[in-house]
1. Just for segment 86-99: of the residues that are surrounded by 10 or more Cβ atoms within 10 Å (Cβ to Cβ) and part of a helix (DSSP H, G or I), which one is modelled with the lowest pLDDT?
2. Being at pLDDT below 80 and within 30 Å of residue 94 (Cβ to Cβ), is that true of even one residue in segment 49-62?
């Protein structure tokens, strides 16, 4: 049987302290490694998010540019259709249209003059 002397109890305490320090050091090292991995993963995720947002912004800008071109084409097509219809009008109808357009211009300019 082990003898329980003051010396043995003291040495057991020192051994327990050393053992605890070693385990604590291992735990700290393990946590540091996991923390470094987490930071690296966070950097990767952050870069991926930046890249995705940048790509989506480029896609949105391209989409807006393309829809602007489509709208312009549609407006031009509508204008061409309208001019075609005006060419089909009789002289009397064109005169009435001209008067109506002049009236609309005057109505649009009237609020500007009041301000």
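The values are calculated or read from the model by the stated rules, or taken from the named source; none is laboratory data. Remember, it's a predicted structure, so these values are computed and weren't measured experimentally. Positions of Cβ are generated from backbone atoms using ideal geometry, with glycine treated the same way; all protein chains shown enter the neighbour counts.
1. Step one: filter segment 86-99 for residues surrounded by 10 or more Cβ atoms within 10 Å (Cβ to Cβ), giving 86, 89, 93-99.
Add one more test, that the residue is part of a helix (DSSP H, G or I), and what stays is 86, 93-99.
Details: 86: 81, 93: 86, 94: 84, 95: 86, 96: 88, 97: 85, 98: 86, 99: 88.
Across segment 86-99, the extreme among qualifying residues is 86.
2. No: segment 49-62 contains no residue that is at pLDDT below 80 and within 30 Å of residue 94 (Cβ to Cβ).
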